[in-house]
Amino acid sequence: MYTPDFNKIDDRALLIEAMRLYSFAILFGPDAAGHPVATNLPLVVHDEGEFGVLEGHFALANSHWKSLANRETLVVFSGPHSYVSPSLYASLKSVPTWNYIAIHATGTLEIVEDDPNDPAATHARKDALLKRLIAAYEPAYAAQWNELPIAYRISMTSGIVGFRIPIAKLEGKFKLSQNRPEIDRQTVQAAHAAGTPDQQALAVWMQRIIPLTQESSQPD
């Protein structure tokens, strides 16, 4: 990912926080014929290992998992984004741009393998994976899931393929007008704070990531 130094975020804890916040990600990798394919999936982000571990599942019918198994996979997390008008800048010699948050995580995708000789153990592993997903997205649903007939739950887990991706490389790009003069950053932040939900989220990140007194003359 092209990332100027002033947009680069290396803070591991902050990147894990952002991946959890914007956890509906895209997995990129070739299909069986070598063509580029992308799959959109909700993920659980575990604070484990050097850069964290990603966990989720494919639908069994989605053959993309077969070509990604045991291969390096790029996972892209997209945060809030917004157009930035040059009318917000003090200088007339300005052009439009776009503010956004993006995180790229790369690692080898490990399949949660089925064991044909022990279907109960296979179900237990997938059931545990689903419960971690439920805990991340809707903890209150756990009781309803546990009360469903076991035959139904087994039929559901048999239709998915679980996976883990230990992250080997993690890149964070938070493009938040860091390269603009203080007066421009203040104007952009105020406009974002009064704008759409995405813009409001960017305004909050601006407060966290860059001090408004920072000066930089880097190109946009």
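Counting only residues that are farther than 19 Å from Tyr100 by Cβ and outside any helix (DSSP H, G or I), how many does segment 181-197 have? Counting residues in segment 181-197 that are farther than 19 Å from Tyr100 by Cβ and outside any helix (DSSP H, G or I) gives 1. Set side by side, the residues Tyr89, Tyr83 differ, and just one is under 22 Å from the mean Cα position of the chain (by Cα) and hydroxyl-bearing (Ser, Thr, Tyr), which is Tyr83. For the condition in contact with a helix residue (DSSP H, G or I) (Cβ under 8 Å, 6 or more places away or on another chain) and not β-branched (Val, Ile, Thr), Pro30 qualifies.
Being in a loop (DSSP other than H, G, I, E, B) and in contact with a Ser or Thr (Cβ under 6 Å, 6 or more places away or on another chain), is that true of even one residue in segment 41-53? Yes; the residues of segment 41-53 include at least one that is in a loop (DSSP other than H, G, I, E, B) and in contact with a Ser or Thr (Cβ under 6 Å, 6 or more places away or on another chain). Taking the criterion of being among the acidic types (Asp, Glu), under 14 Å from Leu60 (Cα atoms) and either surrounded by 13 or more Cβ atoms within 10 Å (Cβ to Cβ) or modelled with pLDDT of 85 or more (or both), the only residue of segment 108-132 that qualifies is Asp114. Confirm whether Ser91 is over 22 Å from Ile165 (Cα atoms) and at pLDDT below 95. Here the answer is yes, as Ser91 does meet what is asked. Criterion applied to Val53, Val112, Val84 was being more than 17 Å from Gly162 (Cβ to Cβ), in contact with a His (Cβ under 9 Å, 6 or more places away or on another chain) and among the β-branched types (Val, Ile, Thr), and the one residue passing it is Val84.
His57 meets all of the listed conditions (1) in contact with a strand residue (DSSP E or B) (Cβ under 7 Å, 6 or more places away or on another chain); (2) under 13 Å from His104 (Cα atoms) but one, namely (2).
The values are calculated or read from the model by the stated rules, or taken from the named source; none is laboratory data. These figures come from a predicted structure and were not determined experimentally. Positions of Cβ are backbone-derived with ideal geometry, glycine not excepted, and every protein chain shown enters the neighbour counts.
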